[in-house]
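The values are calculated or read from the model by the stated rules, or taken from the named source; none is laboratory data. Since this is a predicted model, take the numbers as computed values, not measurements. Cβ sites come from the backbone with ideal geometry, for glycine too, and all protein chains shown count toward neighbours.
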Ligand SMILES: Cc1cc2nc3c(=O)[nH]c(=O)nc-3n(C[C@H](O)[C@H](O)[C@H](O)COP(=O)(O)OP(=O)(O)OC[C@H]3O[C@@H](n4cnc5c(N)ncnc54)[C@H](O)[C@@H]3O)c2cc1C
């Protein structure tokens, strides 16, 4: 039977140690010749050979493309839990190029001489089966808790999982006897015998056992790749090879042919003559026989598909960038930085055309649609349960369009830390946020309150143009001259109007900056708030600082202020920060002169949805005594664990309120409180609400419609609704703070 696997070719190289570089050179030659895979036998009791694991790592470091495997690794001699970590590490180091070939050993005298307990054939299979389970479970960092495993051969008492490999490492098993073949069918990703050990008919008979075992285990037999080692035969003409190998592919389902040869000439002839001729012959036969070649999705993965999504209807170009719940990469994309999710499909387009395709597909499915760029959204709308996520993280290019005018194009999936690093090379910076892990797409469509905001304004104030995929799939550019009304809406309400794929910003000249960090005694939290607020309003625009308060810890109330002074002159920095340092009794202080990109270079934690915060936010003009007292009461109430006030003001107020869809230009501060109970936080926040004059939605999680009215005053909202009716009449982009086109 032809299982339709894409034909692959590998080499099988003897790991001789004299001289030691020969095996490495053969591996490099394999790569140059275009082989897919280079493999080495593993005989850890054989001093004439280099240790295979060590050799694999060395080869991985000296090659760039080719995949690497043991053919096959000796399980009784290589402790499975250690092998799991070693394999995952090598996979990570090599950029996902490791593949696992496992065997039950066999040269028992030599193995026993090395102190390995002799096993019966049945025991060997049992150990191999357990080894596969242990290895896969240690790789599964998505599973909860540590690994406990009570087997006959392995006992793990709470082993930590990980590292997680870079890709799904396929496990192929070498073996011939029915018990081993049943194991292959039940658990492995590949069967790897050597042709020289087989009689005519053995492959077909072996396949039959494997396929039956696969079906018994609820698997599709096509999930299991059939690999085959074939011994070299230097003088053999290519036609004879093709004549021998073609039926092995078409009738015995062999998908990977591994040439056992250390002869460079033969390796070259096989790669240049046999492989292309066999590929062409197989393609011809498959075309006439109607066999569709390609990867097969595992039955276990198919079972995780959501009913409402037509996965098979995905166009081919999107299928290549799709991640489904059963896929290896799913754990890394299901959740966002702060929110857990379980989408039915994540699409990671590589360009605007694919974004439009992804959107068209999503619109046909009638499931929730989420947009994601950096995954740092606080309200949680960039993931969902059972819906589709269009994730732009792979569209992250940063390009200078016009050096003289400091015009820069940034794709939506870039992170602000990368933007800062790219701009630093030119002595430039763009005020964005206070955390480098945040994505461009979410922040630059909402506002962007960053470390340089008082001097240089909001991120959206630097926007000169944007490329947008509209709800109907049209791709448009908008600016002051093209679709100016859309350009107006994108700057503050972007998520309601389309998928912004790229932003054109004019950036500023910024070099090293002063970065100050202060810790205060916050016993008088109200006084501290008020004094810091006054100091910030009085400060020159080149100073931007943020204040953080929380409930007392071990009886001590503390406050922290972090901030940037856009100057590289130490005296200026000290001069600017002194009034800030004086707002309360100082317990600790640090001021550094650092590149702006250094301030933004905060390592991003994995996006596993930790936290799930409840957040309320508001914009306010002055931190009056009344507000400060109410805020101190809120902090004392225990309803919040994090209370932050950010500076806005300065250059933000230079832009007229109706110039963009971010209208609250007169606010000097943005306030946010995080709590763990929505009810408690809402009740406590109600005391503070009267002091606010607006809302910056990026820090809000409350989904009630009132919040939309706080973010956009009636006049702005009217204009947004009119535009929403034009650009998104079906309300495709609704899964955010929604401007309802149907509202009167
Ligand atoms: C640790 C942390 C620090 C932060 N610091 C700041 C700060 O200093 N200043 C500040 O202003 N904000 C800050 N934020 C808030 C942040 O700006 C928003 O959460 C923003 O939405 C995150 O952008 P993202 O691309 O990472 O978000 P994502 O989670 O990817 O997206 C969030 C939402 O933005 C919309 N969106 C995303 N991409 C696009 C796109 N390409 N086109 C249209 N709409 C899109 C979608 O509605 C989506 O649900 C911070 C957030 C966190 C978690």
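Conditions (1) within 18 Å of residue 268 (Cβ to Cβ); (2) at pLDDT 95 or above; (3) surrounded by fewer than 15 Cβ atoms within 10 Å (Cβ to Cβ), marked per residue:
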residue: 14; (1), (2), (3): yes, yes, no
residue: 18; (1), (2), (3): no, no, yes
residue: 23; (1), (2), (3): yes, yes, no
residue: 36; (1), (2), (3): yes, yes, no
residue: 56; (1), (2), (3): no, yes, no
residue: 65; (1), (2), (3): yes, yes, yes
Exercise. Would you check if residue 27 is within 17 Å of residue 10 (Cα to Cα) and surrounded by 15 or more Cβ atoms within 10 Å (Cβ to Cβ)?
Key: yes
Per the list (1) in a loop (DSSP other than H, G, I, E, B); (2) within 21 Å of residue 209 (Cα to Cα), residue check on residue 144 breaks on (2)
Checking 724, 715 in turn, the sole residue that is touching a residue at least 24 places away in the same chain (Cβ under 8 Å), part of a helix (DSSP H, G or I) and under 32 Å from the mean Cα position of the chain (by Cα) turns out to be 724
Those residues of the stretch 360-379 that are under 17 Å from residue 413 (Cα atoms) and either away from the ligand (no atom under 11 Å from the Cβ) or part of a loop (DSSP other than H, G, I, E, B) (or both) come to a total of 6
*Any residue at all in the stretch 508-529 that is modelled with pLDDT of 95 or more, closer than 16 Å to residue 446 by Cβ, in contact with a helix residue (DSSP H, G or I) (Cβ under 7 Å, 6 or more places away or on another chain) and not assigned by TED's automatic domain parsing to the domain that holds residue 667?*
no
Residues of the stretch 447-463 being within 6 Å of the ligand (Cβ to nearest atom), under 14 Å from residue 492 (Cβ atoms) and in contact (Cβ under 8 Å) with a residue 60 or more places away in the chain, in sequence order, are 447, 449
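Mind listing whichever residues of the stretch 424-438 are more than 6 Å from the ligand (Cβ to nearest atom), surrounded by fewer than 24 Cβ atoms within 10 Å (Cβ to Cβ), on the phi < 0 side of the Ramachandran plot and in contact (Cβ under 8 Å) with a residue 12 or more places away in the chain? Even if it seems obvious, please write down each step before you answer.
Pass one, the stretch 424-438, residues more than 6 Å from the ligand (Cβ to nearest atom): 424-432, 436-437.
Next, from what is left, pick out any that are surrounded by fewer than 24 Cβ atoms within 10 Å (Cβ to Cβ): 424-428, 436-437.
Then keep just the ones that are on the phi < 0 side of the Ramachandran plot; that gives 424-426, 428, 436-437.
Matches in the stretch 424-438: 424, 426, 428, 436, 437.
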Taking the stretch 109-129 and keeping only residues that are assigned to a helix (DSSP H, G or I), touching a residue at least 40 places away in the same chain (Cβ under 8 Å) and surrounded by fewer than 18 Cβ atoms within 10 Å (Cβ to Cβ), one is left with 110, 113, 121, 122
Considering the stretch 328-347, residues that are in a loop (DSSP other than H, G, I, E, B), out of contact with any strand residue (DSSP E or B) (no Cβ under 9 Å at 6 or more places or on another chain) and surrounded by fewer than 22 Cβ atoms within 10 Å (Cβ to Cβ), and then whichever is modelled with the highest pLDDT, we arrive at 340
Apart from one, (1) within 9 Å of the ligand (Cβ to nearest atom); (2) touching a strand residue (DSSP E or B) at 6+ places or on another chain (Cβ under 8 Å); (3) assigned to a loop (DSSP other than H, G, I, E, B) all hold for residue 441; the odd one out is (3)
Scanning the stretch 348-363 for residues that are surrounded by fewer than 18 Cβ atoms within 10 Å (Cβ to Cβ) and in contact with a helix residue (DSSP H, G or I) (Cβ under 8 Å, 6 or more places away or on another chain) gives 350
For residue 701, state whether it is under 15 Å from residue 613 (Cα atoms), in contact with a helix residue (DSSP H, G or I) (Cβ under 9 Å, 6 or more places away or on another chain) and in contact (Cβ under 8 Å) with a residue 60 or more places away in the chain. yes
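In the stretch 401-418, which residues are surrounded by 23 or more Cβ atoms within 10 Å (Cβ to Cβ) and either near the ligand (Cβ under 8 Å from one of its atoms) or closer than 21 Å to residue 390 by Cβ (or both)?
The answer is 410, 411, 412, 413, 414, 415, 416.
In the stretch 385-400, which residue that is assigned to a strand (DSSP E or B) and surrounded by 23 or more Cβ atoms within 10 Å (Cβ to Cβ) is farthest from the ligand (Cβ to nearest atom)?
Residues of the stretch 385-400 assigned to a strand (DSSP E or B): 385, 388-391, 398-400.
From what is left, the residues that are surrounded by 23 or more Cβ atoms within 10 Å (Cβ to Cβ) are 388-391.
On the way: 388: 13, 389: 9, 390: 8, 391: 8 Å.
Here the residue is 388.
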Looking at the stretch 295-315, can you tell me whether even one residue there is loosely packed, with under 15 Cβ neighbours inside 10 Å, within 16 Å of the ligand (Cβ to nearest atom) and in contact (Cβ under 8 Å) with a residue 40 or more places away in the chain? no
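Residue-wise test of (1) free of Cβ contacts under 8 Å to residues at least 12 places away in the same chain; (2) outside any strand (DSSP E or B); (3) touching a strand residue (DSSP E or B) at 6+ places or on another chain (Cβ under 8 Å).
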position	(1), (2), (3)
31	no, yes, yes
38	no, no, yes
42	no, yes, yes
45	no, yes, no
53	no, yes, yes
56	no, yes, yes
61	no, yes, no
64	no, yes, no
69	no, no, yes
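Which one of 230, 282, 249 is assigned to a strand (DSSP E or B), in contact with a helix residue (DSSP H, G or I) (Cβ under 7 Å, 6 or more places away or on another chain) and buried (at least 16 other Cβ atoms within 10 Å of the Cβ)? Talk me through it step by step, then tell me what you get.
Numbers: 282 fails: assigned to a strand (DSSP E or B); 249 fails: assigned to a strand (DSSP E or B).
None of the others qualify; the one that does is 230.
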Regarding residue 120, is this residue farther than 20 Å from residue 42 by Cβ, out of contact with any helix residue (DSSP H, G or I) (no Cβ under 6 Å at 6 or more places or on another chain) and not assigned by TED's automatic domain parsing to the domain that holds residue 83? no
Of 637, 698, 628, 676, the only residue that is modelled with pLDDT under 95 and surrounded by 15 or more Cβ atoms within 10 Å (Cβ to Cβ) is 637
Note on residue 521: of the conditions (1) buried (at least 22 other Cβ atoms within 10 Å of the Cβ); (2) closer than 27 Å to residue 621 by Cα; (3) touching a strand residue (DSSP E or B) at 6+ places or on another chain (Cβ under 8 Å), unmet is (1)
